[in-house]
Amino acid sequence: MNAATHEPTHHVELVMGTAVSIDIRDRGSFAARVDEVVAWLHHVDATFSTYRNDSEVSRFGVGELDADHLSREVQQVLARCIELADVTNGCFDAFVVPAPNGSMLDPSGYVKGWSIERAAQMLTAGGAANFCINAGGDVAVRGRPAPATRWRVGIRHPDEREMLALVLEVEGPLAVATSATYERGAHIIDPRTGAPTTHLASATVTGPDLGIADAYATATFVMGLDALAWIEDQPGYEAYLITHEGTTHWSSAFPIG
Amino acid sequence: MAARSRPTSRRRRPARVARLGALVVSCAATGGLTLLFAKVDPSGASANVAPSSASGFVGDPVATVYGSVQVQAQVRDGVLVDVVVLAYPSARSASVATNALVLPQLRTQALASQSARVHTVSGATYTSEGYARSLQSALDNARLAGATKL
């Protein structure tokens, strides 16, 4: 249908425990590319999910698989998680937080963003230049929604589900990731203490790579206001924090206004 | 002169600039209006008004690193229609530099929360249920139903 009408492509896929929205504004047929992305996301879910006991990550986490027997893909992601734990001073650490499968290995805070960054690369390779992918609130934009406009990315208000705290007007490529605990049952563990962290109501990170932005958003949420100084040392990444009191704080080049 | 920069340094800009950028703004800027504007203006504008007239809700002054900020929300038929800045810091030179940035944001952000003409929403949605209840879900449904104006 898209091929015939040359309408923009919009697809929502329920995968990875949430919904992934793919919004391609280029005219043309991208159905095959969207299928490719959808297959990729289900592959990531099957391989990395900590909700599935048969995923490679779960089996490694509970000791059923040796590191030697991990696929190259999983090894690379876990190696990246080790680097991220180092860069974030342990505030994002996939290796010491309790996972749903009962292990202490949960790379989900990087994997979701990483997989969407890959998906964006796949769409780019397929000829799409203007699109937005949103995976459970983690956003990757490319180009523009229309020639004369920029992407308007709302940041959800921490207290009001249908309200926005802020609207960013940005041009791609850009990644936007938000960490918060406003969803029922959600909590974020401070890997340094093992206890839930409650410093902030929400933490948003922007930058070039959604995997890193995703991990940094978690780290920033754990750091609290100290994250403002920390993020200044992470080239290309910016943070926007909302406290429980409702005050907002942002780093020097956050794309506000 | 050209050799001044240190290749090993990862810092992009002086810490002072960073701190200036880390503006502390009242919660009015975040759309935290339901909390801030719980207090009704003592001038009594909201009690017996006709449904179409606007009511003013004055927020408590909020201390920021640059001084005190106080705003008034104009509400009509239960909908926020405008935000007026009543008091803002201007004494210090740093404030002068930041006011130009911060105060327009106080207005536009609060309004944007309700006019909400956005393409997508960043938020922490960890479950399918969370997605189903999210603004992003509403946006997707509108798009899938053929409302392509967004």
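Consider the stretch A:234-255 and keep the residues that are open to solvent by 30 Å² or more (accessible area, probe 1.4 Å) and at pLDDT 95 or above. The one that is nearest to the other protein chains (Cβ to nearest Cβ) is A:Pro235.
Tallying residues that are open to solvent by 20 Å² or more (accessible area, probe 1.4 Å) and within 19 Å of A:Val97 (Cα to Cα) within the stretch A:159-182 yields 1. Is it the case that A:Gly127 is at positive phi, open to solvent by less than 10 Å² (accessible area, probe 1.4 Å) and touching a helix residue (DSSP H, G or I) at 6+ places or on another chain (Cβ under 9 Å)? When the stated conditions are applied, A:Gly127 does not pass them.
A quick yes/no check of all residues on (1) closer than 30 Å to A:Thr9 by Cα; (2) modelled with pLDDT under 95; (3) not β-branched (Val, Ile, Thr):
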site: A:Val37; (1), (2), (3): yes, no, no
site: A:Ala46; (1), (2), (3): yes, no, yes
site: A:Val57; (1), (2), (3): no, no, no
site: A:Leu70; (1), (2), (3): no, no, yes
site: A:Glu73; (1), (2), (3): yes, no, yes
site: A:Cys91; (1), (2), (3): no, no, yes
site: A:Tyr110; (1), (2), (3): yes, no, yes
site: A:Gly113; (1), (2), (3): yes, no, yes
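In the condition set (1) farther than 22 Å from A:Ile82 by Cα; (2) facing chain B (nearest Cβ under 7 Å), A:Gly185 is compliant with all but (2).
Among the residues of the stretch A:1-30, those that are more than 26 Å from A:Arg152 (Cβ to Cβ) and surrounded by fewer than 14 Cβ atoms within 10 Å (Cβ to Cβ) comprise A:Met1, A:Ala3, A:Ala4. Of the numbered criteria (1) more than 22 Å from A:Thr9 (Cα to Cα); (2) in a helix (DSSP H, G or I); (3) open to solvent by 10 Å² or more (accessible area, probe 1.4 Å), the one A:Pro100 fails is (2). The residues of the stretch A:215-228 that are open to solvent by 10 Å² or more (accessible area, probe 1.4 Å) and more than 7 Å from chain B (Cβ to nearest Cβ), listed by number, are A:Tyr216, A:Thr218, A:Met223, A:Leu225, A:Asp226.
Within the stretch A:120-157, being at the interface with another protein chain (Cβ under 8 Å from one of its Cβ atoms) and under 19 Å from A:Tyr216 (Cβ atoms) holds for A:Asn134, A:Gly136, A:Gly137, A:Asp138, A:Val139, A:Val141, A:Val153, A:Ile155, A:Arg156.
Screening A:Thr197 with (1) more than 7 Å from every other protein chain (Cβ to nearest Cβ); (2) open to solvent by less than 40 Å² (accessible area, probe 1.4 Å); (3) hydroxyl-bearing (Ser, Thr, Tyr); (4) under 22 Å from B:Asp140 (Cα atoms) gives one miss only, at (4). Restricting the stretch A:31-46 to residues that are under 21 Å from A:Tyr110 (Cβ atoms) and touching a residue at least 60 places away in the same chain (Cβ under 8 Å) leaves a set whose member that is surrounded by the fewest Cβ atoms within 10 Å (Cβ to Cβ) is A:Trp40.
Might you check whether a residue that is touching a Ser or Thr at 6+ places or on another chain (Cβ under 7 Å), of a type outside the set (Phe, Trp, Tyr) and in contact (Cβ under 8 Å) with a residue 24 or more places away in the chain occurs anywhere in the stretch A:120-131? No, the conditions are met nowhere in the stretch A:120-131.
The values are calculated or read from the model by the stated rules, or taken from the named source; none is laboratory data. Note that the structure is predicted; figures quoted are calculated from it, not measured. Every residue, glycine among them, receives a Cβ derived from its backbone with ideal geometry; neighbour counts consider all protein chains shown. Please note that ligands, DNA and RNA were not included when accessible areas were found on the heavy atoms of the full protein model with its side chains. Shrake-Rupley method; radii C 1.70, N 1.55, O 1.52, S 1.80 Å.
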